[in-house]
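In what follows, a single structure is set out as structure tokens and then discussed.
Just so it is clear, none of the values below were taken in a lab; they were calculated from the coordinates. Because the structure is a prediction, the values reported are computed rather than measured. Note that each Cβ is placed from the backbone with ideal geometry, even for glycine, and that neighbours are counted across all protein chains shown.
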Amino acid sequence: MFTNYCTKPTQTLQNSETKTHLRYNFICAVSNLLCAVNALLPYIDRYQPIEVEIAAISLAIQEEKQLFLSKRAWFHFLDDFNKCASSILCQFVSVLSQFDCLYSLAVLASNLNYCLPQFVEGKEEKASEQYLQITNGRHPTLEEYLSPFISNNIKLGSFCGPNTMLITGPNMGGKSVYIKMIASLIIMSQIGSYVPCHSMVITPFDMVGTRIGIYDDILNGKSTFFVEMTETSYLIQNATNKSFLILDELGRGTSTFDGTAMAYSTLKHIVDNIKCFCLFVTHYANLLKLKKEYNASQNALDNYYMTFEMNDIKNQFFV
């Protein structure tokens with residue numbers, strides 16, 4: 001690489017005409033041997049041998065060929081691998097993922113004092129045979145971040161408790177955490193895991209259905225109320241007397257009167273027709289009157305209030 005600095009200001013070259021003439025003579029002298037290269041400054045000329053320019057172009061072409069051949073060889077390798085070993089690899093990954101999941105659950109059960117749930121079989125045709133009892137249940141995720149996590153109990157079915165719990169209480173009182181905790185423990189127990197509680201007795205459920213949160217799907221033309229109605233309709237149509245449902249503040253996507261009517265009719269349908277276990281959270285006080293329509297011996301519905309107790313050490317939330 002050659003750089004011509006002859007055009008820079010010097011003591012012997014004072015005028016621009018002399019500079020231009022010398023620069024022109026230099027270019028004419030080296031034009032057959034060198035080729036110009038872009039310079040960073042306008043008053044500097046840079047040159048390199050023609051052979052170097054040809055070699056650089058050839059190198060760029062070979063690099064492109066190398067990249068093309070490498071990609072083609074890689075894709076051929078993937079095709080051959082897919083034909084020969086993909087099924088074996090998929091089986092291996094599936095087994096490894098199951099082992100990882102079971103090992104993780106075992107480590108949690110050992111380190112956090114999880115208990116082994118006890119399953120009891122109910123009669124297929126009788127909803128009254130369903131049973132759920134959890135003593136000192138803890139949320140499997142939140143107890144890692146909220147220390148200490150205040151445990152809660154639940155008892156449903158088999159004439160030991162109602163089939164449906166209608167839960168009210170102040171905002172941020174722990175209602176949603178409570179029902180999510182119960183649903184999480186049911187799912188964990190039915191996949192064969194130990195559960196975070198002191199004891200748990202359960203009759204297997206055929207479905208755990210949830211209607212929690214409030215959101216829309218505007219891109220698909222669905223408003224908040226539309227989404228809420230769609231999910232609630234799915235639960236009602238697919239739930240059986242062996243199902244477990246949790247509904248959190250149903251009716252928030254519309255006005256107060258419409259929301260109350262929707263929540264009331266849904267709750268009454270679950271209690272009268274589906275007759276499954278249900279945790280129903282609401283802020284509509286009118287729904288509490290529904291309990292008067294059922295005898296105490298039926299154990300169909302009962303009202304619960306999430307209260308708050310203050311002591312010198314911590315705040316406690318419990319049902």
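Structure summary
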read-out: Additional length obtainable on full extension of the chain from Gln62 to Leu112, 0.36 nm per residue less Cα span; value: 11.9 nm
read-out: Charge sum, other residues only, whose C-beta stays under 11 Å from Lys175's C-beta, Lys/Arg counted +1 and Asp/Glu -1; value: -1
read-out: Filter on Lys222/Lys291; Lys242/Lys289; Lys155/Lys242 - keep pairs with C-alpha separation over 23 Å; value: Lys222/Lys291; Lys242/Lys289
read-out: FRET efficiency for Phe119 and Met172, using Cβ-Cβ distance with R0 set to 41 Å, rounded to 0.05; value: 0.75
read-out: Environment charge at His283 (Cβ cut-off 13 Å; Lys +1, Arg +1, Asp -1, Glu -1); value: 0
read-out: Cβ-based exposure ranking for Glu64, Glu249, in which fewest neighbours within 10 Å come first; value: Glu64, Glu249
read-out: Rounded to 5, percent antiparallel among DSSP beta bridges of region 115-318; value: 40 percent
read-out: Equivalent ellipsoid semi-axes, region 115-318, via Cα gyration tensor eigenvalues times 5, rooted, Å; value: 25, 22, 18
read-out: Overall form of region 101-198 per C-alpha gyration tensor (a/c, 1.5; a/b vs b/c); value: oblate
read-out: Order of Tyr304, Tyr234 under a 10 Å beta carbon neighbour criterion, fewest first; value: Tyr234, Tyr304
read-out: For region 166-223: rounded, prolate or oblate by the Cα gyration tensor [a/c cutoff 1.5]; value: oblate
read-out: Neighbour cut-off at most 12 other Cβ (10 Å), DSSP loop, chymotrypsin sites (Phe, Trp or Tyr not before Pro), region 199-230; value: Tyr215
read-out: Spin-label proximity, Ser147 to region 174-210 - amide N less than 18 Å from point 7 Å beyond Cα toward beta carbon; value: 196-197
read-out: Simple spin-label estimate for Tyr215 and Trp74 in nanometres, 7 Å along Cα-Cβ; value: 3.4 nm
read-out: Stretchable slack from Ala85 to Thr307, in nm (0.36 nm times residue separation minus alpha-carbon distance); value: 74.0 nm
read-out: Burial ordering of Arg138, Arg211, Arg252, Arg72, fewest other beta-carbon atoms within 10 Å first; value: Arg72, Arg252, Arg211, Arg138
